[in-house]
Structure formats: C-alpha cells, structure tokens
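Asker: After the structure tokens below, expect a handful of questions from me.
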Amino acid sequence: MNQRLRPTISTVAEQAGLSVATVDRVLNARAPVNPQTAERVFQAAEAVGYFAARLIGQRIRERRPSYRFGILLLGTAQAFYGNLAAAINVAAQRQPDANLSCRFDYIVDRSPNAIVSQIEQLAVQCDGLAVVSFAHPLINACIAQIRAAGVPVVALLSDIDEAAQEPYVGLNNHEVGRTMGWLLAHTCSAHRGSIAVLLGGHRFLGHQARVEGLRSYLTAHAPGLKMLEAVINLDNNDLTEEVTLDLLVRHKDLRGLCVVGGGGDGIISALAQLPRPPTLCSILPEATERSRQALDQGLITLVIDSQPQLLGQALIELMVELQIRPDFDPLRQRIHVPLQIVTSENARTSDKRSFDAGVKPSPPGT
C-alpha cells in the first residue's frame, strides 16, 4: 500500500468522530477510557483498515471483566426458545462492557425439586442467572438463597416472586392479556359467544396475569364474550391439539381461542385438520416460522410476539448491570419489552433478522 494512503490515527479519529487524543489514549493505554468509546475506536479502526485494529480489539477484551451467565429455559418443542437462546447469545457476543459466555439449560422435568436442582447447579458455575419458571415455595426459597449468596437472578418472561420484587425481563403480561381482549372484541365474528384460553399451568404468574388481563378487558368492554374455564396444556403441542379439537366439538358458540403460554403449534395442527376454518378468532404467542405460515394460510388470526431480539438484548444488559449494582431497583431492573402484533400482512417481515451466533442452542425435543 502507498505509505501516504495508509490509515493513520487521524483517519481513525475522523471515522469514529472523536479527537486524536482520545484515539491515542485507547491505542496506547495512556489513561482509562469509557468502554463504549474504546469500542467506537475499534470499530472505526476496522472500518478504515488501520493496521493496529486487531491489537485494539485485543486490548479492549483484556480490559473488560469476564462473566459467565446461566440461562434456564423451558425444555419444550417450541421454536421460540431456540430463537430466544440465539438472541441471547448474539447480545452476549456484542456486549461492549464485558466478555460474556452463556450456558443454557432446559427444564424437562417440571417437578419443583428437579427445577431447584438445575438452578443450584447453574448458580455454582455462573456469575448470574436468568430463569423461566413458575412460582413454588421450594423454587422461590432456592432463588432467595442464591441471591443472598451474591448471585443475581433475573426472572425471565414470567415473574417468580408473587410480589414482583425481583429483576425481570419480559412483556407486561397483564397488558398482553388486555391486548388479547381488545383484539378479540374487535375481530370476533360475533359479539356473543365463548372464549377458550389455554395456559401452561396455574403457577406461572405470567400466564395468570395474561388470563386476568383478558378477563378484565372482556368484562368491561365485551361482556357478551364469556371466558370458559382455562384449560391447562402444559405448553405441550400434542395436548393442545387434542384439547382444541375437543373444544370445537363441545362449544358450538366458540368465538375465540387464545394461548397464553406455549403449545400454539398444537392449535395450528388441529385447525389444519378441519375441512374448513371455523369462524373464530385464534390468537397465538410468538412469531415463529410455523405461526407465520399459519397466518399466511389463514389458519390463525393473530400472533402476539415477544420480540426475542429485544428480550435478549435487554436481558444481557441487565445481567451485566447486576454484576455492578446488585441491589434491587424496580425502576431500573423491571424491564418490559414492547409486544408486537403480527397479522397475515406483516408475518413475512416480523422477526426475520438472522442470528450470527455460531451453534444455535436448542431445547430437548426440538
């Protein structure tokens, strides 16, 4: 390369929008520099082809703290959890303030003792945890003990503490339920009839909040739509398929069908078996490849998506923050990611950005 054209510190500074002195501090470690600023210098050095870009990246990594995070997800056959794990991995790799590694484990045995054992094993090996779980005295006591020992635990997707006095990342589940109610009231083919709700289990506080939000909206704004007793589907697709077909036979006035947890693919399988789609509004969680196809085909009406990429980013940022500021602060550590409503008209463009996360973690059964 012509010597006069070789990128210099001034070239890097101009690309980064910083002063030459700031870039020099990063290059030569003359004084502490904000991690975000150092990352800007590194990105600029790479962009202009500066010869020391690799060295800058190495120095940034050496100065950053290293943490290992444990992520405990539900071990179901839902594509959503694979998407979420990939999003968390991407966010961890892109985190500018720390060198992160994530270990993923999956709940297959839903007995409280088994879940406690998994949480304890992760706590021994990791600097911080994120857990998807239902509330139970044994589980809550285990998490309280781990937090007291100095290992932060974030409730992911569903609160585990009934008082909600814990770090949390997920949707506002009561808001999700009320949004379902609004959608049913405005899209059902009739203003009177039955609404069926399927949930993973009564101990999932997030599922309860969604059911309560749905009920409160319908009671106030669509009293002609009556909720049937909620059906437990254990987030299982096969069970959901069976229950859906049974509901359609037993309730001829069925106008709406909602899943507030997992198992949505079971509804798709059930509706695909019918000679013609029933005249009801079906609302499923999570925009996966299969649910988008079902929207395209007219098998289901709507999807409420949790936006896994935003969840992953918010979770990693919070888990890093908790390493520095572990004391609970509800204003900073209760993070509600906005929901996304997906229809047949935006199904192909929702949540389609690819993940560059190496090997994509996937739960058992997928």
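All of the numbers you see were taken from the coordinates with simple rules; none came from a lab. Remember, it's a predicted structure, so these values are computed and weren't measured experimentally. FYI the Cβ positions are ideal-geometry reconstructions off the backbone, even for glycines, and counts take in every protein chain you see.
Asker: If I build a Gaussian network model for the chain, linking alpha-carbon pairs within less than 10 angstrom, which residue out of P137, P223, P167 has the largest mean-square fluctuation?
Answerer: Top of the fluctuation ranking is P137.
Asker: Taking R0 as 25 Å, what FRET efficiency do you get between L234 and D161 from their Cβ-Cβ distance, rounded to the nearest 0.05?
Answerer: 0.65
Asker: Can you sort D327, D109 so the residue with the fewest Cβ neighbours within 10 Å comes first?
Answerer: Arranged by neighbour count, lowest to highest, D327, D109 become D327, D109.
Asker: Out of these labelled values of Cα extents along the principal axes in Å, [x] 79, 63, 43; [y] 81, 51, 43; [z] 80, 48, 37, which was calculated from the coordinates shown here?
Answerer: Only one listed value fits the structure, namely [z].
Asker: Treat each spin label as a single point 7 Å out from the Cα along the C-beta direction, and report the K226 to E317 distance in nm.
Answerer: 4.6
Asker: Could I ask something else about it? In terms of the Cα gyration tensor, with a ≥ b ≥ c the square roots of its eigenvalues, is segment 173-305 rounded because a/c is under 1.5, prolate because a/b exceeds b/c, or oblate?
Answerer: rounded
Asker: Now for a separate question. Starting from the Cα of R94, move 7 Å in the Cα-to-Cβ direction to define the label point; list residues of segment 324-341 whose amide nitrogen is under 19 Å from there.
Answerer: Under 19 Å, as judged by backbone N against the label point of R94, lie 336-340 of segment 324-341.
Asker: Could I ask something else about it? Given springs between every Cα pair under 10 Å in a Gaussian network model of the chain, which of T279, T11, T219 has the largest fluctuation?
Answerer: T11
Asker: Cα centroid distance between segment 201-244 and segment 274-316, in Å?
Answerer: 16
Asker: If you don't mind, there's one more thing I want to ask. Label-point separation (nm) for S111 and S10, each offset 7 Å from Cα along Cα-to-Cβ?
Answerer: The two pseudo-label positions are separated by 7.3 nm.
Asker: Going 7 Å from the Cα of E120 in the Cα-to-Cβ direction, what parts of segment 130-152 have a backbone nitrogen less than 17 Å from that spot?
Answerer: Backbone N within reach: 136-151.
Asker: Round to a whole angstrom and tell me the spacing of the C-alpha centers of segment 131-172 and segment 74-112.
Answerer: Distance between centres, Cα-based: 16 Å.
Asker: About the Cα centre, and with charges only on the beta carbon of Lys, Arg (+1) and Asp, Glu (-1), how big is the dipole of the chain? Nearest 20 debye, please.
Answerer: So the magnitude is around 920 debye.
Asker: Give the percent of DSSP beta bridges with both residues in the chain that are antiparallel, rounded to the nearest 5.
Answerer: Here the share of antiparallel DSSP bridges comes out near 10 percent.
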